[in-house]
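Notes follow the structure.
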Amino acid sequence: MTKPSQLQLFNSTPESHENIQSKILKERAGTFTDNMKLPIHRWFRYSAGFSATWVEKVITELEPKTILDPFAGSGTVCIAADKLGVNSYGVEAHPFVHRLAKGKLAWVVNIPEFLETANQIKHSAAMLQPKLPEKIPALLSKCYTEETLRDLFRIKQAYLDLAPFLSEELQSLLFLAICAILRSTSYVGTAQWQYILPNKRKAKTGEPFDALDKQVALMHEDMRQMQSIAKSSLSIFVQEDARSLKSLPNNLIDLVITSPPYANNYDYADATRLEMTFWGEVNSWGDLHETVRKFLIRSSSQHVSKDRLSLDILIAESIIEPIRDELLPVCQELENIRGTKGGNKAYHTMVAAYFTDMAFVFRALRRVATSNCKVCFVIGDSAPYGVYVPVEQWLGKLAIAAGFDFWSFEQIRQRNVKWKNRKHNVPLQEGRLWIEGEFMAQSPSHKFGQDLGKLLEDIVEYDILKPRLQQFAQTKNYYLDWQRSRPARSGKKVTWEDKYGNKHDLDFVIEIDGTDDQIGRPVAFIESAWRRYTKHSKNKAQEIQGAILPIIELHHLSAPFYGAILAGDFTKPALDQLRNNGFAIIYIPYKDVVAAFREIDFDVAFDEETPDESYTEASKRLANLATSEKEKLRQALMRVSKQEVDRFMDTLRNCLERYISKIILVPLFGIRHEFESIDDAIAGVDALNIDNPSGEFERFEVIVDYSNSDAIRATFQTKALLSDFLRKLGS
Ligand SMILES: C[S@@+](CC[C@H](N)C(=O)[O-])C[C@H]1O[C@@H](n2cnc3c(N)ncnc32)[C@H](O)[C@@H]1O
């Protein structure tokens, strides 16, 4: 059986620079590729971190007055805000990317003027003597034929000659148009990403003048469309540092949407190396640090190595204090592993520097944001050298320390699950870190109930029960399925159909002959539920029953095991209902949950009279539980649930290890008697002579009795069907 999905961002052996870059970028591929179909967004390919459609949805729902993206990149958020007529600020520190974004935000330029200038550039370029610079940078020679490069340089020269006479917006627009053709006219692989792969050849290469025509036509079409929706751009896009946001006023921003660099070693400076080399802004990879990297968040090992940082100094920064106790051991472990690796990457200082930088970002954001603002960071965690870095938790804590009130994490996907040569076993995730200026949940008790339920579910299902199920499945050669990506099915959910064709998402299913690539025969179905109050517990029990029993009926010929894990307040009738219907149950009553929380001095003994403030406080505390507190809680819940879990596992084992104690087979023969009324039927029964049976074969009645007192009752019309059933019983 293949192990659960593993992700790899950092290899333990040195790998080619190109491979590492393209792998890291695949994480974000799902999001920026969506944008490549959208007007304006598609003008230049860049790792947006999220889709523009999602940004528009958030803006529409939250109705902010002024939005900020402090890591604005190519401007996805600002363009979405422009489309919806909302004020926005974009902050980007990468000088070249900032320039590209300015080009996109110039969608408002007068269209005939744009077309005329583009034409002018094309004609002047065609008239120019094809001339190459004396010393061509190595990257350009690797990427273009001489002929292509000559044409590109003619276009560049024509643009530079004309630029001083153009408005800033027109300049940005045409600069972007030329940048946008540099990848399509290169004959080497530019991957699906900006990073160039000089060793890969493309089957089809664009010719520069044609490519420019096409790009201008595309921009023309998109400008027309955008101008029919919005009159002007309401974006202010600046080149500066998210750690200070110095040109932004105080208390203005009521929504922040952003995707910062991840602590995953991706080098943003390298992303535009080809374009910057073409424009003469860098000559080699070595130039990137001074021209770009030094302005950015320290999220790559190249960055920190160049700056020769010391872990002691970084960790002593007072701004890092809220997470220092957790951060230091991680950095020290990375430093230790570093000594054993050939690559010798400075991940220990990279991680420390990254969180220091992000702490400054939150401080700056708190200053520019309104008191009740909402902040959404699309982020991913990482595991350099296989050492897990809980990014969302640490960022959440830094945000609270900077003066925000609340954070929560919404997972979107597990990352890199399909990478083949995985070298570490750390599952990683990507999602949205929501941070709130003021905690404004509509119903604090409901919110608390949800948060507590989620935590209990994670602990009981994934920390307590899953390892037991896994161990059981492994020793017995069964396959355990739970919510995560699995090649045999689409999506993450464990979905099974019932006898009516309805689909249900379950928590665990055990299969015979299942593999990662193949769904097996189900032999156990397990579902979980949490109830904060007793009042709807019967409904919840009915819901579980309604989902599971029709699935069991569909598979009744194999009499699968089915069980429920319940935590919180369930009434006795609710529990009895499930038990009477054959469910095995793990039940952790709310009083046990309260006792477990008491071990970390956290009082959750609330009832319907508890005031909202207590719930709000409790939710905050829940969101900020330290790892050590969670561990204590886990241990306590494990203790209180031990008996229940043991009993549950025994029932499961008995069911799956049961053996047939008896098979009763009754062939039925007879004559069909049909009656029109009850009286006639009674009279018919009286007249029946059962001492002298006669008639034809009707069907087989079968009863299979198992050692654990499970039983299967079935009827079959033919011998073939019956034999088939009996053979399957044995397999
Ligand atoms: C994931 S990208 C964001 C992409 C963006 N959402 C878009 O629509 O293109 C992260 C961006 O943060 C920028 N960045 C890194 N450090 C920065 C800093 N200190 N201040 C502002 N921007 C920074 C990088 O250059 C990169 O463009």
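The numbers here are math on the coordinates, done by the rules we state, and not lab data. A quick note: this is a predicted structure, and the numbers were derived from the prediction, not measured. Every residue, glycine among them, receives a Cβ derived from its backbone with ideal geometry; neighbour counts consider all protein chains shown.
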Original post:
In which sequence would D213, D679, D451 go, from the one with the fewest C-beta neighbours within 10 Å to the one with the most?
Top reply: D679, D213, D451
Original post:
Arranged from highest to lowest average of other beta-carbon atoms within 10 Å per residue, in what order do the peptides 97-103, 465-471, 179-185 appear?
Top reply: 97-103, 179-185, 465-471
Subject >> Footprinting exposure proxy for E113, E392 (fewest neighbouring C-beta atoms within 10 Å first) >> reply: E113, E392
Subject >> Kirkwood hydrodynamic radius over Cα pairs of the chain, then Stokes diffusion coefficient at 4 °C and 1.567 mPa s, in µm²/s >> reply: 43
Original post:
With labels modelled as points extended 7 Å from the Cα through the Cβ direction, what inter-label distance (nm, one decimal) is found for H123 paired with R484?
Top reply: 6.4
Original post:
In whole angstrom, how far apart do the alpha carbon centroids of region 316-342 and region 426-490 sit?
Top reply: 27
Subject >> Most positive-pole-ward Cα, P427, P487, Y268, against dipole of the chain from beta carbon charges >> reply: Y268
Subject >> Estimated dipole of the chain in Debye, rounded to 20 [Cβ of Lys and Arg +1, of Asp and Glu -1, Cα centre] >> reply: 2380
Original post:
Between A316 and L557, what is the FRET efficiency for a Förster distance of 60 Å, r being their Cβ-Cβ separation, to the nearest 0.05?
Top reply: 0.35
Subject >> Segment I412-T145, extension gain: residue separation times 0.36 nm, minus the distance between their alpha carbons >> reply: 91.9 nm
Original post:
What is the fewest-to-most order of L365, L68 by other Cβ atoms lying within 10 Å of their Cβ?
Top reply: L365, L68
Original post:
Within region 35-98, which trypsin sites (Lys or Arg not before Pro) sit in a loop by DSSP and count at most 12 neighbouring Cβ atoms inside 10 Å?
Top reply: K37, K65
**OP:** May I ask for the net charge around T258, where only other residues with Cβ less than 11 Å from the Cβ of T258 are counted and Lys, Arg are +1 while Asp, Glu are -1?
**Re:** -1
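Taking the Cβ of L84 as the center, what net charge do the other residues with Cβ under 10 Å away carry, scoring Lys and Arg +1 and Asp and Glu -1? List each step's numbers first, then the result.
Details: positive: K83; negative: E56, E63, D82.
Net local charge, L84 excluded: -2.
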Subject >> Rotationally averaged projected area of region 660-730 (alpha carbon convex hull; nm²) >> reply: 6.6
Original post:
Angle, helix 146-162 long axis vs. longest principal axis of the chain, Cα atoms, 0 to 90°, nearest 10?
Top reply: 70
Original post:
So what's the angle, to the nearest 10 degrees on a 0 to 90 scale, between helix 17-35 and the longest Cα principal axis of the chain?
Top reply: 80
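Once the other residues with Cβ under 10 Å from the Cβ of S528 are scored (Lys, Arg +1; Asp, Glu -1), what is the net sum?
Working: positive: none; negative: E457, E461, D507, E527.
Every neighbour counted, the sum reads -4.
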Original post:
How big is the C-alpha Rg of region 444-656 next to the rule-of-thumb value 2.2 N^0.38 Å, as a ratio?
Top reply: 1.05
**OP:** At 7 Å along the Cα-to-beta-carbon direction for both A203 and A681, put a label point, then send me their distance in nm to one decimal.
**Re:** 7.1
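Subtract the Cα-Cα distance of E221 and D705 from 0.36 nm times their separation in residues, and report this length gain in nm to one decimal. Before the final figure, lay out each step's value.
Details: separation 484, 0.36 × 484 = 174.24 nm, distance 7.27 nm.
Full-extension gain reported as 167.0 nm.
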Original post:
For the Cα atoms of the chain, what angle does the longest principal axis make with the long axis of helix 347-368, in degrees from 0 to 90, nearest 10?
Top reply: 80
